[in-house]
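Participant: Below you'll find the structure I mean.
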Amino acid sequence: MNVFKLKDIIIEKLDSKRNDFDFKFNRKDEALRVERKDNKKGVDIELAKAVQKAKNNENFIDEIIYYIDETLSRMADDPVNLDQAMIYPVVRATSFHKETKEGNVFITDDHTNETRIYYAIDLKNSYRLIDEALAASFDMSHEDIRVLAFNNLENLKIDYKKQTVQENDFYFVNHNDGYDASRILNEKFLNEMYDICEGEMMVGLPHQDVLIIADVKNQVGYDIMAQMMMQYFAEGLTPITSLSFSYMDKKLQPVFILGKQKNSKRGK
């Protein structure tokens, strides 16, 4: 498969779902622009990167179609009814854009050197990031949005699957509700996991649809976590960071080199 074939497949599949879009193909950058006909809001897909991901994951093309379809839907200019929606915090990389293409600044808060907190209004099958103009239409301050979002986050259930590899325990949070990575902001949950861990607690949010917590008990555990983070980061539709974080004293510290040393919280 090449970028031209992938472009044709995306357009064909998307066309079977809706007919309110236009597209442009940039040969030089190997990028596909898909936008709404009514307001020209849209999304850009880097086809070269997508081709490689599609080769490694047979379901990736369907994920692209879902992502484009939902993005176009939430870009409609319909008014948002706050009484029928929920607001949650979402985590993005610090390199993520800080304003809309129209120049409206997003509501954000600092998180770590690698990540930043945004706020989203949930639209059932998708969500829309809240900018200053949208916040004003709700007559809500930054603090109002922050408090409401974190209160709602605390009510999201957290289930996880555990996998043990060479004495290291890995816990995967994957509800596919768009807020898996957001659960890193739930301090109560992090502290509960910290109490469970016997070695060093590592936390990873490679993309928005997974949160990984590792109880690293030996050198091999760091290497496994590093490889796992790179793989998930490469496969995610909304990648955040390939770095892991060490969680200690209720603080997240990015770990740039894994597998080199062990700073066990238990002093082992």
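Participant: Before we move on, is D131 open to solvent by 90 Å² or more (accessible area, probe 1.4 Å), acidic (D, E) and out of contact with any Leu (no Cβ under 9 Å at 6 or more places or on another chain)? Break it down into steps so the answer makes sense when it comes.
Facilitator: Numbers: open to solvent by 90 Å² or more (accessible area, probe 1.4 Å): no; acidic (D, E): yes; out of contact with any Leu (no Cβ under 9 Å at 6 or more places or on another chain): yes.
It is false that D131 is open to solvent by 90 Å² or more (accessible area, probe 1.4 Å), acidic (D, E) and out of contact with any Leu (no Cβ under 9 Å at 6 or more places or on another chain).
Participant: Next question. Which pairs turn up if I take residues in the stretch 1-29 that are under 11 Å from I68 (Cβ atoms) and look for partners that are acidic (D, E) with beta carbon separation below 9 Å, at least 6 apart in sequence or on another chain?
Facilitator: Close Cβ pairs (under 9 Å, with a partner that is acidic (D, E)) amount to K13/D62; L14/D69; K17/D69; R18/D69; F21/D15; F21/E35; F23/E35.
Participant: E12: open to solvent by 80 Å² or more (accessible area, probe 1.4 Å) and at pLDDT 90 or above, yes or no? Spell out how you get there, then give the answer.
Facilitator: On the way: open to solvent by 80 Å² or more (accessible area, probe 1.4 Å): yes; at pLDDT 90 or above: yes.
So E12 fits the description; yes.
Participant: Only residues that are under 23 Å from A76 (Cβ atoms), among the charged types (D, E, K, R) and open to solvent by 20 Å² or more (accessible area, probe 1.4 Å): list them for the stretch 26-47, please.
Facilitator: Across the stretch 26-47, the qualifying residues are R33, R36, K37, D38, K40, K41, D44.
Participant: Here's something else I'd like to know. Please tell me if A50 is open to solvent by less than 20 Å² (accessible area, probe 1.4 Å), hydrophobic (A, V, I, L, M, F, W, C) and closer than 28 Å to F138 by Cβ.
Facilitator: No: the conditions fail for A50.
Participant: Within the stretch 95-128, which residues are within 23 Å of E35 (Cβ to Cβ) and either among the β-branched types (V, I, T) or touching a residue at least 60 places away in the same chain (Cβ under 8 Å) (or both)?
Facilitator: Correct list: T100, K101, V105, I121.
Participant: Within the stretch 134-168, count every residue that is open to solvent by 70 Å² or more (accessible area, probe 1.4 Å) and in contact with a helix residue (DSSP H, G or I) (Cβ under 6 Å, 6 or more places away or on another chain).
Facilitator: Matching residues across the stretch 134-168 total 1.
Participant: In the stretch 204-219, how many are open to solvent by less than 10 Å² (accessible area, probe 1.4 Å) and more than 15 Å from Q231 (Cα to Cα)?
Facilitator: Here is the first cut: in the stretch 204-219, the residues open to solvent by less than 10 Å² (accessible area, probe 1.4 Å) are 204-206, 210-216.
Narrowing further to those that are more than 15 Å from Q231 (Cα to Cα): 213-216.
Residues that pass the stated criteria total 4.
The values are calculated or read from the model by the stated rules, or taken from the named source; none is laboratory data. Quick caveat, the model's predicted, so the values are computed rather than measured. When we count neighbours, we look across all protein chains shown, and the Cβ atoms used for this are built from the backbone with ideal geometry, even at glycine. Accessible surface is based on the protein model in full, side chains and every heavy atom, while ligands, DNA and RNA are left aside. Shrake-Rupley method; radii C 1.70, N 1.55, O 1.52, S 1.80 Å.
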